[in-house]
Amino acid sequence: LESFYGRQLRLSPHVLGHSKAHVGRVVAELVRAAKAQGLQPGPLSLSLRGDFVRIGSAYEQHKVRSPDCFDILVPLRLPPHLEPQPCSAEGLGTRGAFVCGLRARAGWPRRYRPFAEGFCVELQGRSHLSSGLVLRWFQGHLQRCLGAVRYRLQERCRISLSACPGRPPTLHILPCSDYVCCHISMAVRLIPAIPLGDALYLTALPPEGPQGSPAPEALWGLNASRQEQRLLSWLKEQAPASSCHLKCLQILKGLRDLRGQGLEEPFSSQWGRVLSSYVLKTALFSLLLQGPLEAWDERFLVERLEDLVLYLRDCLRKQVLMHFFLGNASLPEAVALPRFLKEAAPVNLLSAFDGATLDLAAFQLINTWFQAPHIIRMYSSPRYLRPAPTP
């Protein structure tokens, strides 16, 4: 496990630091240009707030393999008279996720009609902000700003923008050879986000749920990345300096990816969705708060990793792993939760999958742990390693 971690999973802090700094500079330029071009008088359009929020494993110290992919939230400014409306996900094709609509208040003024026609869809007789229409506007807006930014950055890097329908656009950055010492092409997912206050955001749901059912355009998903970062900071302060909790998460992500190389479809795709990085992180959070943090010292790496595997196995068998922040009354007081999260209905992250799929995932998870040395030797050969991302 130590060799696997050191050779294939561990990131160089030097390279990661350079990559994050370069991504930050390029995204700042693009967001600044997009905000300047989006300023329009009156409340009849969307615009950027002017800042961005770094989220995801690259900024939480548990990214694996290569610092080539990053996630950035780009907050938007909205017209008034839109209010969040938490919804029940059952029957909407979005089980296993917290969903929320942005509904127009009663008596929407006539002068807002152009905005409603351009960015809203009807749901239950009321106008709701459409995630699909917002994504389409966001991509077009960034694309229009790319020319000026590309010219300013031409000595540093080459940049381009791509997108798939229903998904956030991706900014591709290829540093110039004489600019930085770490010549890694980077992909930055730029995610338009609706601020709810208290560092909470709404983001577009994936175009398809885990079972292939389409997600309604009028519904948005909740992003609590800033709360997760606060919890990780608190854990870092409370745990031993040599704590292995993030290392456990990285190794388990690595074993999951290797095991997925040897599985056949359709279960191969389901395996990655059932054991998504968010599910693994949620399980780790739950396990960390169950016992003394001193037990996560580096000396006990194998024991804690096995505990995490067994905890996940039990969750899969019971078909229950609750969202860590929604309605969770057992969080430490140091990690203050916004009222919106405290009052939200709990969500079972595994409810989107049928029992047979979860049972098979539980079996394969235990099998992966027992056969970890064999799986590492077999699937770590150049034949199986994933290709480098194309810029």
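The values are calculated or read from the model by the stated rules, or taken from the named source; none is laboratory data. Note that the structure is predicted; figures quoted are calculated from it, not measured. Don't worry about glycine lacking a Cβ; one is built from the backbone with ideal geometry, like all the others, and counts go over all protein chains shown. Side chains included, ligands, DNA and RNA excluded: accessible areas come from the protein's heavy atoms. Shrake-Rupley method; radii C 1.70, N 1.55, O 1.52, S 1.80 Å.
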Looking across region 362-391 at residues that are open to solvent by 100 Å² or more (accessible area, probe 1.4 Å) and under 18 Å from Gly6 (Cβ atoms), the single one that is modelled with the highest pLDDT is Arg377
Name the pairs: first residue in region 176-205 and among the aromatic types (Phe, Trp, Tyr), second residue at pLDDT below 90, Cβ to Cβ under 8 Å, at least 6 apart or on different chains?
-> Tyr179/Glu155; Tyr179/Arg156; Tyr179/Cys157
Tabulated pairs, region 162-173, first without any contact (Cβ under 8 Å) to a residue 24 or more places away in the chain, second open to solvent by 30 Å² or more (accessible area, probe 1.4 Å) and among the basic types (Lys, Arg), C-beta under 6 angstrom, 6+ apart or interchain | Thr170/Arg189
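Every residue, every condition in (1) open to solvent by less than 50 Å² (accessible area, probe 1.4 Å); (2) assigned to a helix (DSSP H, G or I); (3) on the phi > 0 side of the Ramachandran plot, yes or no:
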| site | (1), (2), (3) |
| --- | --- |
| Glu122 | no, no, no |
| Phe138 | yes, yes, no |
| Gly147 | yes, yes, no |
| Gln154 | no, no, no |
| Pro165 | no, no, no |
| Ile191 | yes, no, no |
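Name the residue that is least open to solvent (accessible area, probe 1.4 Å), counting only residues in region 277-309 that are within 20 Å of Trp234 (Cβ to Cβ) and basic (Lys, Arg). Talk me through it step by step, then tell me what you get.
First, the residues of region 277-309 that are within 20 Å of Trp234 (Cβ to Cβ): 278, 280-298, 304, 308.
Filter once more, so that each one left must be basic (Lys, Arg): 281, 304.
On the way: Lys281: 19, Arg304: 41 Å².
Checked region 277-309; the qualifying residue least open to solvent (accessible area, probe 1.4 Å) is Lys281.
Quick check, is Pro84 in a strand (DSSP E or B) and either modelled with pLDDT under 90 or of a type in the set (Val, Ile, Thr) (or both)? Spell out how you get there, then give the answer.
Numbers: in a strand (DSSP E or B): yes; either modelled with pLDDT under 90 or of a type in the set (Val, Ile, Thr) (or both): yes.
So Pro84 fits the description; yes.
Being open to solvent by 50 Å² or more (accessible area, probe 1.4 Å) and in contact (Cβ under 8 Å) with a residue 40 or more places away in the chain is the filter here; which residues of region 258-275 pass it? Even if it seems obvious, please write down each step before you answer.
Taking region 258-275 and keeping what is open to solvent by 50 Å² or more (accessible area, probe 1.4 Å), we get 261, 264-266, 273.
Once the filter is applied, which keeps residues that are open to solvent by 50 Å² or more (accessible area, probe 1.4 Å) and in contact (Cβ under 8 Å) with a residue 40 or more places away in the chain, region 258-275 yields Gln261, Arg273.
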Could you please find all residues in region 260-310 being over 21 Å from the mean Cα position of the chain (by Cα) and polar (S, T, N, Q)?
-> Gln261, Gln290
Odd one out for Arg54 among (1) open to solvent by 70 Å² or more (accessible area, probe 1.4 Å); (2) more than 24 Å from the chain's Cα centre (by Cα) | (2)
Matching option when the condition is among the aliphatic types (A, V, I, L, M), under 21 Å from the mean Cα position of the chain (by Cα) and part of a strand (DSSP E or B), among Leu76, Leu11 = Leu76
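Look at region 87-113 and say how many of its residues are modelled with pLDDT of 85 or more and more than 23 Å from Leu341 (Cβ to Cβ).
Let us first name the residues in region 87-113 that are modelled with pLDDT of 85 or more, namely 98-104.
From what is left, the residues that are more than 23 Å from Leu341 (Cβ to Cβ) are 104.
Qualifying residue count for the region: 1.
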Tabulated pairs, region 87-109, first of a type in the set (Phe, Trp, Tyr), second modelled with pLDDT under 75 and open to solvent by less than 30 Å² (accessible area, probe 1.4 Å), C-beta under 8 angstrom, 6+ apart or interchain | Phe98/Ala89
